[in-house]
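So the structure is just underneath, and the comments pick up after that.
The values are calculated or read from the model by the stated rules, or taken from the named source; none is laboratory data. As the structure is a prediction and not an experimental result, all values here were calculated from the model. Glycine also receives a Cβ, built like all others from the backbone with ideal geometry; neighbour counts cover every protein chain displayed. The area values use the complete protein model at the heavy-atom level, side chains included, leaving out ligands, DNA and RNA. Shrake-Rupley method; radii C 1.70, N 1.55, O 1.52, S 1.80 Å.
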Amino acid sequence: RLYPLHALSVANIPNSSRGRTSARSSTIPTPEGLQGRRCKLLEEDSPMVQAGKRQRQRYVTKVGKCQVNLGNIQDKKRFLSDIFTTIVDLKYRWFLFVFMMCYIITWVVFGFIYFLDAWVRGDIGHQGDPEWQACIENVDGFVSALLLSVESQRTIGYGTRMVTANCAEGVILLIAQSIVGSMIDAMMVGCMFVKISRPKKRAQTLIFSKNCVISCRDEKLCLMFRVGDLRESHMVDAKIRAKLIKSRQTAEGEFIPLEQSELNLGYDTGEDRLFLVEPQIICHVINRHSPFWDMSAESLRRDQFEIIIILEGIVEATGKCCCLATGMTCQARTSYTEDEILWGYRFEPCMSLEKGAFQVDYSRFEMTFEVQTPAASAKELHELKELEQQEHSTLSLYWDHLLQPC
């Protein structure tokens, strides 16, 4: 039952490059393995181990990028069934490549068919013959057929090359190319519109404080962080959530890597819905339902976990590009590790009243100051408070009994 602390951290999940044989053999601990684990337990508090423990892999980066790579996906046909989302999710260089290749391939294919039809009917060999009734006029090679394909699909129409009414297959080919070209235009322009209007860049102006702080608020131990919006067009129906990412071992010995648990930011009272006009301090009250109920200042330095913050909202429609922004949902993410949590600090105020309006000073957005905060956990503080109340009630009963007349 002895497991080192780093076995429950994000950084020490078994690597996929390790073989299955070594993973199976490690499930049956030997006496030497147990002794080694005890030695690791004793060495966890050394400065070198503490320094190395901090250098670990994040689940979500500070800018909100998820550090999870999906591999060994067998059924790739699922991506082709939703080809629209697959194209939109491509990076811009691949998206532009697909965009250009869709047009180039259709131009080349239909140009080859035009050239083949003109060659089979003999239009290429009768160039300049006034008595020859050509199916496709002024096509003397593949390049001219390719130009006819581009002019037909893009409705350019220079007037030198054209399909005549002397052959039915030419008319059918022109109709087919027009339909295919319209379908490609609708799909590619739609994909381009959605990709440009996706509000991913809107999250760049939603900022989070670099550190979390823990201090007392209303006689309760609270974990707090600050969020702000740099734009004057505000988020509509902004909601904030927090997830605790921490590996743990169950009572049956099962190891659960990266278990997600919810942190209450006021969703039962509606405090998680923000009117994000000025920077706001988000508070998580550490009570008996919180996963930090037993955490003290000392255990914070030894533990390993990650807090994921997710801010969601609808992008407010602006006067300049309301068609692009209306109804688009934006999501901004960040994370805090245990070494980014400051025990016994508060955020400095960054808003003041100047010239009849509230002025926000974002240079003070990250500033904190130290306050007197007990180093005990919220559970210990709660038990101490209950003990003081019991002692006070017992003492009051004793004095009441002495003051009663005989």
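Remarks
- Using a cutoff of 8 angstrom between alpha carbon atoms and counting only pairs six or more residues apart, the relative contact order for the stretch 86-197 works out to 28 percent.
- A crude spin-label estimate for the pair residue 211 and residue 254, with each label 7 Å from Cα along the Cβ direction, gives 3.9 nm.
- Heavy-atom accessible area per residue - the stretch 53-191, 1.4 Å, Å²: 66
- Rg(Cα) / (2.2 N^0.38 Å) computed for the stretch 86-197, rounded to two decimals: 1.26
- Size-normalised alpha-carbon gyration radius of the stretch 202-382, reference 2.2 N^0.38 Å: 1.14
- Per residue value of the accessible surface for the stretch 202-382 (all protein chains in place, 1.4 Å probe), Å²: 53
- Sorted on the mean count of surrounding Cβ atoms within 10 Å across their residues, most packed first, peptides 164-170, 131-137 read 131-137, 164-170.
- By accessible area, using a 1.4 Å probe on protein heavy atoms only, the stretch 125-249 has 57% of its surface on carbon and sulfur.
- Counting only Cβ charges, +1 for Lys and Arg and -1 for Asp and Glu, the dipole size of the stretch 86-197 around its Cα centre is about 660 debye.
- Model label sites at residue 383 and residue 195, defined 7 Å from Cα along the beta-carbon direction, differ in position by 5.9 nm.
- Stokes-Einstein D in µm²/s, Kirkwood radius over Cα pairs - the stretch 280-394 at 20 °C with 1.002 mPa s viscosity: 117
- Near residue 137, the amide H atoms lying under 5 Å from its own belong to 162, 164; only residues 5 or more places off or on other chains count, and H is placed 1.01 Å from N.
- Relative contact order %, the stretch 202-382, counting alpha carbon pairs below 8 Å whose residues are six or more apart: 27
- Length gained when the stretch residue 297-residue 231 is fully extended (0.36 nm per residue, less Cα-Cα span): 20.1 nm
- Radius 15 Å from Cβ of residue 220, net charge of other residues (Lys, Arg +1; Asp, Glu -1): -1
- When the alpha carbon gyration tensor of the stretch 143-252 is reduced to an equivalent ellipsoid, its three semi-axes come out at 63, 19, 11 angstrom, largest first.
- Each residue of the stretch 361-372 was assigned a 3J(HN,Hα) from its phi angle through the Karplus expression (A = 6.51, B = -1.76, C = 1.60, θ = phi - 60°), giving 9, 6, 5, 9, 5, 8, 6, 10, 9, 7, 10, 6 Hz with x at Gly and Pro.
- Charge tally for residue 265 (other residues, Cβ to Cβ under 12 Å; Lys, Arg +1; Asp, Glu -1): 0.
- Alpha carbon centroid spacing (whole Å) that separates the stretch 111-172 from the stretch 225-262: 63
- Measuring against 26 Å, Cα to Cα, the residue pairs 239/385; 210/246; 195/243; 246/379; 243/385; 76/195 contain 239/385; 195/243; 243/385 as the ones spanning a longer distance.
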